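The values are calculated or read from the model by the stated rules, or taken from the named source; none is laboratory data. As the structure is a computational prediction, the values presented were derived from the model and not from experiment. Here the Cβ positions follow ideal geometry from the backbone for every residue, glycine too, while neighbour counts run over all protein chains shown.
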Amino acid sequence: MIGTLLLVGVSFFTISSFALSGNEETSNTRVRIDQDLCIGCGTCVETSDDLIFDLIPGTNKAMFSINVPRRQNENTEYYDVSWLHSDDVNEAIDECPVDAILYF
C-alpha cells in the first residue's frame, strides 16, 4: 500500500509498505520518545525504512517525521503508532543505544 503523508514541516513524501492496522490502541502501539535520554545519534532514522523518524533541527533529538497522533495518559505524553508498520517502529526501538524510544 502506498500513501502520501504530511512531513513535519511543509513538504510531502510518499511512504511505501506501511500498514493501516485500524485504530485500536494497545500497549504495543503507544510509543514514547524520551528527549532527555536521546543523544541524537540518528540510529532511529537510519533503521526505519519508511522514514518514520527524523532529528529535530538544532537539538538533534529524535522525533516522528510524519504526523503521528500525540496522546496524553496521566502525566505521560506518548504517540499512537497503531496505523504504522510495526516492524519499522520495533527496529528503531531495538536499535536505540540509550533506549530513548520505547513502548508505553
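In this structure, Val68 qualifies as at pLDDT 75 or above, β-branched (Val, Ile, Thr) and out of contact with any helix residue (DSSP H, G or I) (no Cβ under 9 Å at 6 or more places or on another chain). Tallying residues that are within 17 Å of Asn28 (Cβ to Cβ), over 9 Å from the mean Cα position of the chain (by Cα) and not basic (Lys, Arg) within segment 49-79 yields 4. When segment 22-44 is filtered for residues that are modelled with pLDDT of 90 or more and over 16 Å from His85 (Cβ atoms), the ones remaining, listed by number, are Arg32, Ile33, Asp34, Gln35, Asp36, Leu37, Cys38, Ile39, Gly40, Cys41, Gly42, Thr43. Among the residues of segment 63-76, some residue qualifies, meaning at least one is among the β-branched types (Val, Ile, Thr), loosely packed, with under 13 Cβ neighbours inside 10 Å and out of contact with any Asp or Glu (no Cβ under 6 Å at 6 or more places or on another chain).
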